[in-house]
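Structure first, commentary second.
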Amino acid sequence: MNYQLRQTMLDVLIRIEKDKGFSNLILNHELQQKGLIEKDKRLLTEVVYGTVQNQLAIDYYLAHFINNKKKLDIWVRQLLRMSVYQMVYLEKIPDHAVVHESVEIAKIRGHKGIASFVNGILRSIQRKGLPDISLIKDPVKRISIETSHPVWLVERWVEMYGMDRTEAMCRENLKHFPMSIRIQPMKTNRESIMKQLESEGFTVTASVFSPQGILIEKGNIFKTNLLQDGLVTVQDQSSMLVAECLRLEPGMKVLDTCSAPGGKVTHIAEKMADQGEIHAYDLHKKKINLIEEKASTLDLHTITAFQGDARKLHEKYEEESFDRILIDAPCSGLGVINGKPEIKYEKQAQDIERLSSIQLDIIQSVAKLLKPEGLLIYSTCTVDKEENNQVVQAFLEKNPAFCMDLSFRDQLSEPLKQAPGWSPEGLQLFPQDFQTDGFFLTRIKRNK
């Protein structure tokens, strides 16, 4: 590995910690700027994601070799973390090369004393070996460190779902998931896209979530022209369920309350054969462009995007204005830890409480815009009951004009009908069920 590549890895890790930014966005920006060869791109991605994903385990190892009273600069801590990640989790890079390069970086960024400190820690790990995490007696603490999920989060999930499901979820969050794409059905069909990809050396399977979905087991969709030609778009399989469960028809009037970046609303437009009226809102003005760009790329014309707070949309429309409403609510994101591992370190229990209050405000405000016999989908990319089941329960208790409509289960494929996460409030998908994001979805109907 070249020295400059290690410097870039360190810079990205420092930015993720200091800026509290999403690792995928910071990493993608760096990959576009640096003009790296493919092999180096893969290694940069592997080391950055791997270091963040396994941070608590790495810190546990390091704590056995560093005096806990010693305060480390961010760059020194991240340098040690990425070095230990390479030594412990990667087989192709020799330990001596990792140690040598890390010491060289420490000399340039710090001084001789720091370089000597880094060298001493990494040599001690080489010589003495690592503490055995499996010997930790407390199962919650063991799962926490082994899978690098904070103790409070593991405890919370154990209380909600039990030890086995929690451990499986934490382990799944460390794995690499296949990418999924959705075809634009007014331009192509799933069979022809799958054949084209297979002819180019891809390994693909048809999604059980949507007749438009394709799972890419092997191959890089970004190296084809399918995305820019608007024949397909990248979307997690779990998110495809939203449009599939809305029972959409051409000519309907639909509201999407929290729409950016536009994956679900463009799917809605496709299900309506781009006929009808779709109003897409997002709280942040700068994100409106993302919706418009996605709709334009896919040649969809029925979506009009607006900036607006979902909690105040009842001030803009008459009651009973829409046939269908989607609330893909702002949430803790605890279902997408696989792709954004820093989330698990940044969120706290009070964040979940605050978000569940916002979610309830949104559904209370927006539901009155639904026509009688209309359908509303409430979804989140989290696995937390306070944001999911409890929000739905609280809304229905306060609003007798609405009822659960779990008949959408009958419209799903057999594997999804049998998913373990069904409850009286809807469907909770766990990452380990289908190698997707953790995702909650339910359907609510307005009575006559």
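The values are calculated or read from the model by the stated rules, or taken from the named source; none is laboratory data. Predicted model, so just to flag it, every value in this text is computed and none were measured. So basically every Cβ, Gly included, is an ideal-geometry build from the backbone, and we count neighbours across all protein chains shown. Areas reflect the complete protein model, heavy atoms only, side chains present, ligands, DNA and RNA absent. Shrake-Rupley method; radii C 1.70, N 1.55, O 1.52, S 1.80 Å.
Here are the numbers:
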quantity: Unmet criterion (only one of (1) hydroxyl-bearing (Ser, Thr, Tyr); (2) surrounded by 21 or more Cβ atoms within 10 Å (Cβ to Cβ); (3) part of a strand (DSSP E or B)) for Thr304; calculated: (2)
quantity: Those residues of region 234-292 which are within 20 Å of Gln359 (Cβ to Cβ), of a type in the set (A, V, I, L, M, F, W, C) and open to solvent by 20 Å² or more (accessible area, probe 1.4 Å), in sequence order; calculated: Cys258, Ala260, Leu283
quantity: Residue among Asp433, Asp410, Asp405, Asp437 that is closer than 30 Å to Glu217 by Cα, in contact with a Leu (Cβ under 8 Å, 6 or more places away or on another chain) and of a type in the set (Asp, Glu); calculated: Asp437
quantity: Options Lys34, Lys39, Lys69: the member that is open to solvent by 30 Å² or more (accessible area, probe 1.4 Å), modelled with pLDDT under 90 and closer than 24 Å to Val151 by Cα; calculated: Lys69
quantity: Test result for Phe177, at pLDDT below 95, open to solvent by 40 Å² or more (accessible area, probe 1.4 Å), under 23 Å from the mean Cα position of the chain (by Cα) and more than 23 Å from Ala63 (Cβ to Cβ); calculated: no
quantity: Selection from region 350-364 of residues that are open to solvent by 10 Å² or more (accessible area, probe 1.4 Å) and either without any contact (Cβ under 8 Å) to a residue 40 or more places away in the chain or in contact with an Asp or Glu (Cβ under 9 Å, 6 or more places away or on another chain) (or both); calculated: Gln350, Asp351, Glu353, Arg354, Leu355, Ser356, Ser357, Leu360, Gln364
quantity: Qualifying position, being under 25 Å from the mean Cα position of the chain (by Cα), over 21 Å from Val366 (Cα atoms) and touching a residue at least 24 places away in the same chain (Cβ under 8 Å), among Lys264, Lys271; calculated: Lys271
quantity: Filtered residue count, region 249-288, keeping only those that are in a helix (DSSP H, G or I) and either at pLDDT 95 or above or under 17 Å from Ser379 (Cβ atoms) (or both); calculated: 10
quantity: Enumeration of residues in region 214-232 that are of a type outside the set (D, E, K, R), farther than 14 Å from Ser199 by Cα and not in a loop (DSSP other than H, G, I, E, B); calculated: Ile214, Leu215, Phe222, Val232
quantity: Residue that is touching a residue at least 12 places away in the same chain (Cβ under 8 Å), outside any loop (DSSP other than H, G, I, E, B), within 30 Å of Phe202 (Cα to Cα) and open to solvent by less than 50 Å² (accessible area, probe 1.4 Å), where the choices are Ala97, Ala115, Ala168, Ala106; calculated: Ala168
quantity: Lone unmet requirement of (1) in a strand (DSSP E or B); (2) among the β-branched types (Val, Ile, Thr); (3) open to solvent by 10 Å² or more (accessible area, probe 1.4 Å) for Val208; calculated: (1)
quantity: Tabulated pairs, region 130-141, first closer than 14 Å to Leu56 by Cβ, second assigned to a helix (DSSP H, G or I) and open to solvent by 80 Å² or more (accessible area, probe 1.4 Å), C-beta under 9 angstrom, 6+ apart or interchain; calculated: Val140/Glu155
quantity: Unmet criterion (only one of (1) free of Cβ contacts under 8 Å to residues at least 40 places away in the same chain; (2) in contact with a helix residue (DSSP H, G or I) (Cβ under 7 Å, 6 or more places away or on another chain); (3) open to solvent by 30 Å² or more (accessible area, probe 1.4 Å)) for Leu406; calculated: (2)
quantity: Matching entry among Thr51, Thr45 (being among the polar types (S, T, N, Q), in a helix (DSSP H, G or I) and touching a residue at least 24 places away in the same chain (Cβ under 8 Å)); calculated: Thr51
